[in-house]
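Enquirer: I have a structure here, written as structure tokens, and I will follow up with some questions on it.
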Amino acid sequence: MSTIAAISTPHAEGGIAVIRISGSRAFQVADCIFKSVSGKRAVDMPGYTCTFGHAVKDGDILDEAVLTVFRSPMSYTGEDVAEISCHGGIFVSREILRAALMAGAEPAQAGEFTRRAFQNGKMSLTQAEAVMDVISADSSRELKFAISLKEGAVFRRIRGIIDDIVKVLGALAAWADYPEDDIPEVEPESFQLSLSTIQHKLVEIINTSDYGRIIKDGVSAVIVGRPNVGKSTLFNLLSGCERSIVTDIAGTTRDVLEERVRLGDVTLRLWDTAGLRETDDVIEKIGVNIARERLEQADLVLAVFDGSEGLSAEDHELLKGLAGKKAIGIINKMDCIDKCIPEDIERNFYKCIPMSAKQGTGLEELRQAIENMFYSGQVTPEMGILANERQLDCARNALKAIEDAINAHRSGEMLDAVTVLLDEACEHLMNLTGERVSEKVVEDVFTRFCVGK
Ligand code: GDP
Ligand code: MG
């Protein structure tokens, strides 16, 4: 395999830049472009040691630098790796990379270091995917989730299910191969029980995958309510800027605005919408329809009511449309009145919060309610929560194959047919972990990486 090199730090000015070289000729390349003060050479240095010296090109000193040596297999990629840490200048780090390429290294593709780590058995595919999740994490919750993935939580959970399936397959094979021996016949009940246990485990994994999406992308929350209750004012309060137009003319917000909003450690993908009402205005009508659509898709509905007025027919209409949705009732304009929350609103919601969007009161209560609703359940990252669509797809395909196997067995099909379906389920799960996966999938995963990782 070729020896590759790339700048692994961001292409920006900084304290330090690192040029990473990996492959069987990594140390020879390093020795061409780095001269240590003590005369040490990379090829002779033990792993996990470093030495101070100069990066050089065509005999000229480019910079002072430190060379660190990692010997195969005890390195990130599993290959010999040399890392040159220089001053964090864009030009100087590029010059050192250029020198490495002139000395015989090839430019690394996006994610190629991690791809080699995967191919050399240093990590499973889910762990490799976690590397990018760690890099892109922007909250402590997201980081914890990514680290659990990196530590192999998903891999172990899926491997457990593969082992369960293999056990069932083993029993089937033993019975099919040696029917005349004393191997007990596959008991239909216990066989069905084993399969339904596997089925349940997969269903649970698929059902909890929403948690992973919510942690990574945030809770998608849509603000709905009739015109003039203060939706746009709430949207602006939450997003901390005047983006949505606030007026006392009903029907001002006609399209849907989206903003990524942080409320403490809660991330919201927040949508402001046109007020829900019957209208003859063509443009407003489109907005109202989009609002209804968003209401269907969102993880959370923030239903806003005007506390200074009674419930209108439109409010009642909205309440009806919320059945089965996770929703929080917001009783706005509490600065104008000192009434308690109307009971006919309260009983429709998991939680009702009195607020004044204009004065900014009630925010902490809202944050707490969302936190309780989405983050403090039974689900924790350590359980091994699927982290992306690819993983979810594999799990769904495996479930489908298991369900087909259950049905095939129930309807009295040959055990061979059942075996084929169980094999297929295993294939899908090994696709998920990367133990048996096509080049195409691997390609897809790693092209999402940055160069140098
Ligand atoms: P939307 O149509 O639901 O988006 O409502 P807007 O956000 O455009 O607000 C409609 C009117 O209500 C504006 O005049 C706002 O200033 C006013 N408003 C919004 N929130 C409050 C509040 O908490 N208290 C009071 N007193 N007025 C508010
Ligand atoms: Mg509005």
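Enquirer: Does Glu413 count as free of Cβ contacts under 8 Å to residues at least 12 places away in the same chain, open to solvent by 30 Å² or more (accessible area, probe 1.4 Å) and among the acidic types (Asp, Glu)? If you could, list the steps in order and put the result at the bottom.
Expert: On the way: free of Cβ contacts under 8 Å to residues at least 12 places away in the same chain: yes; open to solvent by 30 Å² or more (accessible area, probe 1.4 Å): yes; among the acidic types (Asp, Glu): yes.
When the stated conditions are applied, Glu413 passes them.
Enquirer: Now for a separate question. Every residue in region 131-160 that is acidic (Asp, Glu) and either within 10 Å of Ile215 (Cα to Cα) or at pLDDT below 90 (or both), please. Steps first, answer last, please.
Expert: So in region 131-160, the residues acidic (Asp, Glu) come out as 133, 138, 142, 151.
Asp138, Glu142 - these are the residues of region 131-160 that are acidic (Asp, Glu) and either within 10 Å of Ile215 (Cα to Cα) or at pLDDT below 90 (or both).
Enquirer: Here's another thing I want to ask about it. Within region 44-55, which residues are within 40 Å of the chain's Cα centre (by Cα) and in a strand (DSSP E or B)? Let's see the steps before the verdict.
Expert: Taking region 44-55 as the starting set, the residues that turn out to be within 40 Å of the chain's Cα centre (by Cα) are 45-52, 55.
Listed by number, the residues that qualify are Thr49, Cys50, Thr51, Phe52, Ala55.
Enquirer: Looking at region 335-352 only, could you name the residues that are within 12 Å of ligand 1 (Cβ to nearest atom) and among the hydrophobic types (A, V, I, L, M, F, W, C)? Step through it out loud before you land on a result.
Expert: Step one: filter region 335-352 for residues within 12 Å of ligand 1 (Cβ to nearest atom), giving 335-337.
Cys336, Ile337 - these are the residues of region 335-352 that are within 12 Å of ligand 1 (Cβ to nearest atom) and among the hydrophobic types (A, V, I, L, M, F, W, C).
Enquirer: Of the conditions (1) at pLDDT below 85; (2) open to solvent by less than 50 Å² (accessible area, probe 1.4 Å), Cys241 clears all except one; give me its number.
Expert: Failed condition: (2).
Enquirer: If you don't mind, another one. Go through region 21-43 and give me each residue that's among the hydrophobic types (A, V, I, L, M, F, W, C), part of a strand (DSSP E or B) and under 9 Å from Leu67 (Cβ atoms).
Expert: We begin by selecting, within region 21-43, every residue among the hydrophobic types (A, V, I, L, M, F, W, C); these are 21, 26-27, 29-30, 32-34, 37, 42-43.
Then keep just the ones that are part of a strand (DSSP E or B); that gives 21, 34.
Of everything in region 21-43, just one residue is among the hydrophobic types (A, V, I, L, M, F, W, C), part of a strand (DSSP E or B) and under 9 Å from Leu67 (Cβ atoms), namely Phe34.
Enquirer: How do the pairs read when you match residues in region 317-334 that are of a type in the set (Gly, Ala, Ser) and within 16 Å of ligand 1 (Cβ to nearest atom) with residues anywhere that are assigned to a helix (DSSP H, G or I) and at pLDDT below 90, using Cβ under 8 Å and keeping only pairs 6 or more apart or on different chains?
Expert: So the pair list comes out as Gly329/Ile345; Gly329/Glu346.
Enquirer: Please enumerate the residues belonging to region 215-232 that are within 13 Å of ligand 2 (Cβ to nearest atom), crowded, with 24+ Cβ neighbours inside 10 Å and either assigned to a helix (DSSP H, G or I) or of a type in the set (S, T, N, Q) (or both).
Expert: Hits for region 215-232 are Lys231, Ser232.
Enquirer: Taking the stated definitions as given, is Glu365 among the acidic types (Asp, Glu), within 16 Å of ligand 1 (Cβ to nearest atom) and in a loop (DSSP other than H, G, I, E, B)?
Expert: On the way: among the acidic types (Asp, Glu): yes; within 16 Å of ligand 1 (Cβ to nearest atom): yes; in a loop (DSSP other than H, G, I, E, B): no.
Judged against the criteria, Glu365 is not a match.
The values are calculated or read from the model by the stated rules, or taken from the named source; none is laboratory data. Because the structure is predicted, anything quoted here is derived from the model rather than measured. Ideal geometry is used to build each Cβ from the backbone, glycine not excepted, and the neighbour counts take in all protein chains shown. These area figures cover heavy atoms from the full protein model, side chains too; ligands, DNA and RNA do not enter into them. Shrake-Rupley method; radii C 1.70, N 1.55, O 1.52, S 1.80 Å.
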